[in-house]
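Report on one structure; see the data block that follows.
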Amino acid sequence: MINDTKKSAENRMQKSLETLKHELAKLRTGRAHPSLLEHVMVDYYGSPVPINQVANVTAEDARTLAVSPWEKTMVGPIEKAIMTSDLGLNPNTSGTLIRVPMPALTEERRREMSKVVKHEGENAKVAIRNIRRDANAEVKVLLKDKKISQDDERRAEDEIQKLTDRYIAEVDKLVQAKEKDMMEL
């Protein structure tokens with residue numbers, strides 16, 4: 001019973017960490033990375049689809065992304081989708097290849113993005129703490145129903161706390177790595 005509670009809590013914490021990684025991947029650093037365009041939706045014959053389902057996105061160099069559509073007719077819609085996205089990018093088209101140069105981030109913009117990274121990290125920590133609270137509540141119910149002893153309850157709460165500490169440390173590592181990545185020129 002306790003193991004099920006811990007396993008469930010760990011799975012949910014892992015999902016919170018994955019969500020944070022996904023959110024941080026959307027944030028633009030000074031370097032070009034294909035994941036920057038993952039959330040850009042392209043109008044594909046009347047329905048919005050992610051850009052990676054209609055084109056191949058690669059990093060040409062440190063400051064340029066190359067988008068090569070699988071169909072020639074998709075060049076215009078892809079270019080339009082990148083321009084209208086919230087990333088503030090201006091794609092250049094040469095034939096069927098779309099190049100997306102990454103403008104250098106200003107110091108002010110870097111600081112702004114750093115705040116967003118910290119906010120995302122804090123949201124992930126709150127989610128992990130909520131999972132801890134839920135798991136501890138489940139353990140308390142088991143104790144109340146006399147399915148476990150008080151010693152088992154304390155041990156389970158300690159283990160859940162260790163799990164929480166481990167995942168919060170992971171969140172801190174991710175946030176620090178992203179901030180370091182952003183501050184590099």
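Taking the numbered list (1) over 20 Å from the mean Cα position of the chain (by Cα); (2) part of a strand (DSSP E or B); (3) polar (S, T, N, Q) in turn, Asn3 passes all entries but (2). Considering only residues in region 78-89 that are free of Cβ contacts under 8 Å to residues at least 40 places away in the same chain and surrounded by 12 or more Cβ atoms within 10 Å (Cβ to Cβ), the one that is nearest to Thr64 (Cα to Cα) turns out to be Leu89. Note on region 21-49: among residues that are part of a helix (DSSP H, G or I) and in contact (Cβ under 8 Å) with a residue 40 or more places away in the chain, the one that is farthest from Pro91 (Cα to Cα) is Lys21. Checking Val100, Val57, Val67, Val75 one by one, the residue that is touching a residue at least 60 places away in the same chain (Cβ under 8 Å) and surrounded by 16 or more Cβ atoms within 10 Å (Cβ to Cβ) is Val100 and no other. For region 91-109, the candidate set comprises residues that are modelled with pLDDT under 85 and among the hydrophobic types (A, V, I, L, M, F, W, C); within that set, the residue that is farthest from Thr19 (Cα to Cα) is Ala104. Of all residues in region 84-103, those satisfying the criterion of being of a type in the set (A, V, I, L, M) and under 22 Å from the mean Cα position of the chain (by Cα) are Leu87, Leu89, Val100, Met102.
The rows are residues; the columns are (1) assigned by TED's automatic domain parsing to the domain that holds Val57; (2) under 29 Å from Lys15 (Cα atoms); (3) at pLDDT 85 or above; (4) touching a Leu at 6+ places or on another chain (Cβ under 7 Å).
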site	(1), (2), (3), (4)
Ile78	yes, no, yes, no
Arg111	no, yes, no, no
His119	no, yes, yes, no
Ala135	no, yes, yes, no
Glu138	no, yes, yes, no
Leu142	no, yes, yes, no
Ser149	no, no, yes, no
Asp165	no, yes, yes, no
Gln176	no, yes, yes, no
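Any chance you could count how many residues in region 54-77 are within 11 Å of Pro101 (Cβ to Cβ) and assigned to a strand (DSSP E or B)? Of the residues in that region, 5 qualify. You will find that of Asn3, Asn11, Asn52, the residue that is surrounded by 15 or more Cβ atoms within 10 Å (Cβ to Cβ) and free of Cβ contacts under 8 Å to residues at least 24 places away in the same chain is Asn52 and no other.
Inspect region 125-144 for any residue being without any contact (Cβ under 8 Å) to a residue 12 or more places away in the chain and on the phi > 0 side of the Ramachandran plot and give the result as yes or no. Looking through region 125-144, none of the residues is without any contact (Cβ under 8 Å) to a residue 12 or more places away in the chain and on the phi > 0 side of the Ramachandran plot.
Quick grid of which residues meet (1) touching a Lys or Arg at 6+ places or on another chain (Cβ under 9 Å); (2) aliphatic (A, V, I, L, M):
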residue	(1), (2)
Asn56	no, no
Ala66	yes, yes
Pro69	no, no
Ala81	no, yes
Arg110	no, no
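One line per residue, one yes/no per condition, for (1) closer than 19 Å to Leu174 by Cβ; (2) among the aliphatic types (A, V, I, L, M); (3) assigned to a helix (DSSP H, G or I):
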{"position": "Ala104", "(1), (2), (3)": "no, yes, no"}
{"position": "Glu108", "(1), (2), (3)": "no, no, yes"}
{"position": "Val116", "(1), (2), (3)": "yes, yes, yes"}
{"position": "His119", "(1), (2), (3)": "yes, no, yes"}
{"position": "Ala124", "(1), (2), (3)": "yes, yes, yes"}
{"position": "Asn130", "(1), (2), (3)": "yes, no, yes"}
{"position": "Arg133", "(1), (2), (3)": "no, no, yes"}
{"position": "Ala137", "(1), (2), (3)": "no, yes, yes"}
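The values are calculated or read from the model by the stated rules, or taken from the named source; none is laboratory data. These numbers were taken from a predicted model, which means no experiment stands behind them. Positions of Cβ are backbone-derived with ideal geometry, glycine not excepted, and every protein chain shown enters the neighbour counts.
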